[in-house]
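The values are calculated or read from the model by the stated rules, or taken from the named source; none is laboratory data. Here the structure is a predicted model, which means the values were calculated and not measured. All Cβ positions, glycine included, derive from the backbone under ideal geometry; neighbour counts span all protein chains shown.
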Amino acid sequence: MLARLQQCLCLLWLVLLSTWLWWGGTAADWPLFAAGLAVLCGGHAAVLALEFCWMHQVNRTDAAPRASWRQVCRAWWAESRHAPQVFCWQQPFNSQRFQDRTSAPGRRGVLLVHGFVCNRGLWNPWLQSLQAAGHPVIAVNLEPVFGSINDYASCIDRAVQTLIQGTGLAPVVVAHSMGGLAVRCWWALPGNAHRIRHLITLGTPHQGTRLARWALPRNAREMRERSAWLQALHRAEPVEHARRMTCYYSHCDNIVFPASNATWPDADNRHLEGVAHVAMVWRPEPQQELLRHLGDGSVSPAGSARRA
């Protein structure tokens, strides 16, 4: 569903761009033409700039290390380049490039869970490197796209069960953004405590995010700071789950801020310096942490597979 929606948005953008270029070839108002072209080609970067400025302001009073303006600008520039790759190519048109691999007896599997308005295409670099190394791996699509985070438990449950049946071992789970909350929600259900080995989260709003303050979709509202949904999840979770979590966070995360909201008490919280929200997926540190829990050093860094 999300892939089709993003395909439509990409095609609409192409129509608008083509129309504007055609009009510009005959128009005498060049300043207006240039301004419109800038909006069409760089509007996403402008929106990201507003997010980064708000993030940097909010993080002034946060316990996380303070980012310099140079780090913020570099993170903004990297995110401005990464976002079109993810939202205009990998997710809408390339999400089925790598199919799940579910059977490898005695080889621990990996479950990859995306976040808000994303799909399994986000994980293409990880899928490529893990499958090349022979690891069973499943990347799910969380649907409905704008439903409650509670709705994703059944999808995660099926994927975990498939990996356990195909390997005989509890998988390691890597989750980006909202996906970490979806996994925690499933994990808190009776009988699931020992069905995964470890949970690695990348930029997950464990304590909510200021950006969701005025959000409208139900799953986004559930990610507001101190939301009733987050408080209910915290009450339902066994305390020992945190000791089997590694949480990556960043003072340049333009989606989850304050930065410390992506940490969790008693978890292994690790700071990624100068890294924006989507860019966390291509950092080597989470990949190396995954290898440690898999007990396998044969997987090449997923960042190098991104350009393949």
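So here's what we get for this one:
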{"item": "Boolean, residue 197 is in contact with a strand residue (DSSP E or B) (Cβ under 8 Å, 6 or more places away or on another chain) and not polar (S, T, N, Q)", "result": "yes"}
{"item": "Identity of the residue in region 117-147, aliphatic (A, V, I, L, M) and part of a helix (DSSP H, G or I), that ends up surrounded by the most Cβ atoms within 10 Å (Cβ to Cβ)", "result": "130"}
{"item": "Any chance residue 75 is modelled with pLDDT under 95 and either crowded, with 21+ Cβ neighbours inside 10 Å or not basic (Lys, Arg) (or both)", "result": "no"}
{"item": "Any chance residue 63 is among the hydrophobic types (A, V, I, L, M, F, W, C), in a helix (DSSP H, G or I), more than 20 Å from the chain's Cα centre (by Cα) and exposed (fewer than 14 other Cβ atoms within 10 Å of the Cβ)", "result": "no"}
{"item": "Residues being among the small types (Gly, Ala, Ser) and under 21 Å from the mean Cα position of the chain (by Cα) - total across region 219-253", "result": "4"}
{"item": "Test result for residue 169, modelled with pLDDT of 95 or more and out of contact with any Lys or Arg (no Cβ under 6 Å at 6 or more places or on another chain)", "result": "no"}
{"item": "Pair list, Cβ < 7 Å and 6+ apart or interchain, from region 84-103 residues that are without any contact (Cβ under 8 Å) to a residue 40 or more places away in the chain to residues that are part of a loop (DSSP other than H, G, I, E, B)", "result": "101/136"}
{"item": "Any hit, region 294-308, residues being modelled with pLDDT of 95 or more, surrounded by fewer than 23 Cβ atoms within 10 Å (Cβ to Cβ) and touching a Lys or Arg at 6+ places or on another chain (Cβ under 8 Å)", "result": "no"}
{"item": "Failed item, numbered, when residue 205 is tested on (1) in contact with a Cys (Cβ under 8 Å, 6 or more places away or on another chain); (2) under 30 Å from residue 52 (Cα atoms)", "result": "(1)"}
{"item": "Qualifying residue in region 172-188 (condition: outside any helix (DSSP H, G or I), surrounded by fewer than 24 Cβ atoms within 10 Å (Cβ to Cβ) and touching an Asp or Glu at 6+ places or on another chain (Cβ under 6 Å))", "result": "yes"}
{"item": "Residue, farthest from residue 204 (Cα to Cα), within region 253-288, restricted to residues that are outside any helix (DSSP H, G or I) and of a type in the set (Gly, Ala, Ser)", "result": "274"}
{"item": "Qualifying residue in region 263-272 (condition: closer than 22 Å to residue 145 by Cα and either at pLDDT 95 or above or surrounded by fewer than 16 Cβ atoms within 10 Å (Cβ to Cβ) (or both))", "result": "no"}
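Per-residue answers, yes or no, for (1) farther than 26 Å from residue 275 by Cα; (2) in contact with a Cys (Cβ under 6 Å, 6 or more places away or on another chain):
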{"position": "82", "(1), (2)": "no, no"}
{"position": "92", "(1), (2)": "no, yes"}
{"position": "118", "(1), (2)": "no, no"}
{"position": "132", "(1), (2)": "yes, no"}
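For every residue, the table says whether it meets (1) small (Gly, Ala, Ser); (2) surrounded by 13 or more Cβ atoms within 10 Å (Cβ to Cβ); (3) part of a helix (DSSP H, G or I).
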position: 4; (1), (2), (3): no, no, yes
position: 18; (1), (2), (3): yes, no, yes
position: 32; (1), (2), (3): no, no, yes
position: 35; (1), (2), (3): yes, no, yes
position: 43; (1), (2), (3): yes, no, yes
position: 51; (1), (2), (3): no, yes, yes
